Amino acid sequence: MKRKLLCALIAGLGLAVAGGVQAAITGGVVKVGVLSDMSGPYADLSGPGSVVAAKMAVEDYLKQTGSKLKIEIVSADHQNKPDVGSSITRKWIDSDGVDMILDVPTSSVMFAVAEVVKEKNKVFVDSTGGSSDMTGKSCNANTVHWTYDTWMLAHGTGSAVVKAGGDSWFFLTADYAFGHALEKDTSEVVKASGGKVLGNVKVPLGTQDFSSFLLQAQASKAKIIGLANAGADTINSIKQAAEFGIVAGGQKMAGLLVFISDIHGLGLKSAQGLQLTETFYWDMNDGTRAWSKRFGALHGGKMPTMVQAGVYSGLLHYLKAVDALQDDSDGVKVVDEMKKLPTDDPLFGQGKIRVDGRKIHPAYLFEVKAPSESKYPWDYYKLVQTIPADKAFRPLNEGGCYLVK
């Protein structure tokens, strides 16, 4: 009897140990949620293309490493609403077994999702929300901010424009967390560089008619109209500014967050001469070109934006960390492993993730080509300046993140 009982206990212990190992990968599957704007103003720069990038990351990781991880991608539309984004995130984690959230344009949604992920101890790699507060006063140990932020944009485009003589500014600002942060960060750069801010106007997200806002900007007589917006809002404001003759009248537009999808939508005739800061351009080198052409073949011939590239490389690095740990159950532990491992991929090159969650890599100041300078489809940028990785983002000791000792 004792012998049977002992055998049963040993067998039970064996099952428990095996079960414990299996449970390290929750449900036996690494489940990734791409949470994006699938049909609104940011759908072209992220949206369905971000899902394509995530699927490419899974395919490439498994092929290149021979990993036995089982990985599943799910996606949803947060409609640029914080309550919708947090609700989807909560359901994904509580009911659907999602371990990690990707993409998430719109800073207000980014912050809402970050709170839920922190509460549930999962992982959030944001490539598309912009506010630099994500690695500052709103940082947490479960979140990595991957591609760009408002500090980087302000110190890239903002400082370059002031140095070129654009020393008086009026801001058209998207009326939510991202726009407010971008205006704040750029205003500080303008003033520190000896320039002046003459005024601003807050514009609701998704506005179609910019006429009243552009008239205020025109009346300010500012040399530079700073566009603290993104996506369709940027395209519409630049197109309507041309219709009002604002640039013809001597004022210049500074697009503080401009994506290659915006330039494609505007056309080079409207966008030529525009300076902008990005951390990725499809035509930078052989590695970016090869990957981007694969992406384009899967996404209707469109070249990737920097945030779609960020989805790809952010997911690759997350999978490396999970594979190293053989555990995706503890989000803080996975993010700590991501911070320990150096980052390296064909899109952003070598880099690292700082203790505050900020992913560090170079940034690039580009100027949009004139139509006569473009030699082939999507040949839109010429490089003006490379901003080294250690200069591209806010110094670690200036953000106010509690994780920085």
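The values are calculated or read from the model by the stated rules, or taken from the named source; none is laboratory data. All of these numbers come straight from a predicted model, not from anything done at the bench. Don't worry about glycine lacking a Cβ; one is built from the backbone with ideal geometry, like all the others, and counts go over all protein chains shown. Protein only, heavy atoms only, side chains kept; ligands, DNA and RNA dropped before computing areas. Shrake-Rupley method; radii C 1.70, N 1.55, O 1.52, S 1.80 Å.
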query: Quick one: what pairs do we get from segment 382-404, first residue closer than 21 Å to Gly130 by Cβ and touching a residue at least 12 places away in the same chain (Cβ under 8 Å), second of a type in the set (Ser, Thr, Tyr) and open to solvent by less than 30 Å² (accessible area, probe 1.4 Å), C-beta under 7 Å, 6+ apart or different chains?
result: Arg394/Ser132; Gly399/Thr135; Cys401/Thr135
message: For segment 277-286, give me the residue count where each residue is buried (at least 24 other Cβ atoms within 10 Å of the Cβ) and outside any loop (DSSP other than H, G, I, E, B).
response: 2
query: Out of all the residues in segment 105-139, which are under 20 Å from Ile88 (Cα atoms), out of contact with any Gly (no Cβ under 7 Å at 6 or more places or on another chain), surrounded by fewer than 24 Cβ atoms within 10 Å (Cβ to Cβ) and not aliphatic (A, V, I, L, M)?
result: Ser108, Phe111, Glu115, Lys118, Glu119, Lys120
- request: Could you tell me whether Val201 is surrounded by fewer than 20 Cβ atoms within 10 Å (Cβ to Cβ) and either touching a strand residue (DSSP E or B) at 6+ places or on another chain (Cβ under 9 Å) or at pLDDT below 95 (or both)?
  value: yes
message: Exactly one condition in (1) open to solvent by 40 Å² or more (accessible area, probe 1.4 Å); (2) not in a helix (DSSP H, G or I) is false for Ser87; which is it?
response: (2)
Selection count where residues are over 11 Å from Phe170 (Cα atoms), touching a strand residue (DSSP E or B) at 6+ places or on another chain (Cβ under 9 Å) and among the polar types (S, T, N, Q), scope segment 218-267: 3
Matching option when the condition is assigned to a helix (DSSP H, G or I), at pLDDT 95 or above and open to solvent by 40 Å² or more (accessible area, probe 1.4 Å), among Leu62, Leu13, Leu9: Leu62
Selection within segment 221-234 - over 21 Å from Ser159 (Cα atoms) and open to solvent by less than 30 Å² (accessible area, probe 1.4 Å): Gly231, Asp233
task: For segment 293-300, indicate whether the set of residues that are assigned to a loop (DSSP other than H, G, I, E, B), small (Gly, Ala, Ser) and free of Cβ contacts under 8 Å to residues at least 24 places away in the same chain is non-empty.
output: yes
task: List every residue pair whose Cβ atoms sit under 8 Å apart, with the two residues 6 or more apart in sequence or on different chains, where the first one lies in segment 54-79 and is β-branched (Val, Ile, Thr) and the second, anywhere, is surrounded by fewer than 16 Cβ atoms within 10 Å (Cβ to Cβ) and part of a loop (DSSP other than H, G, I, E, B).
output: Ile71/Val29; Val74/Asp96
message: Only one of Thr207, Thr186 is in contact with a helix residue (DSSP H, G or I) (Cβ under 8 Å, 6 or more places away or on another chain) and modelled with pLDDT of 95 or more. Can you tell me which?
response: Thr186
field: Output for segment 23-42, where each listed residue is in contact (Cβ under 8 Å) with a residue 40 or more places away in the chain and closer than 22 Å to Phe280 by Cβ
entry: Val32, Val34, Leu35, Ser36, Asp37, Pro41, Tyr42
task: Looking only at segment 327-369, count how many residues are open to solvent by 10 Å² or more (accessible area, probe 1.4 Å), polar (S, T, N, Q) and in contact with a helix residue (DSSP H, G or I) (Cβ under 8 Å, 6 or more places away or on another chain).
output: 1
message: Take Phe259 and tell me if it is touching a helix residue (DSSP H, G or I) at 6+ places or on another chain (Cβ under 9 Å), open to solvent by 10 Å² or more (accessible area, probe 1.4 Å) and modelled with pLDDT of 95 or more.
response: no
query: Can you find a residue in segment 34-45 that is closer than 30 Å to Ile235 by Cβ, at pLDDT 95 or above, open to solvent by less than 10 Å² (accessible area, probe 1.4 Å) and over 15 Å from the mean Cα position of the chain (by Cα)?
result: no
task: Please give the number of the condition Arg289 fails out of (1) assigned to a helix (DSSP H, G or I); (2) of a type outside the set (Phe, Trp, Tyr); (3) touching a residue at least 40 places away in the same chain (Cβ under 8 Å); (4) open to solvent by 10 Å² or more (accessible area, probe 1.4 Å).
output: (3)
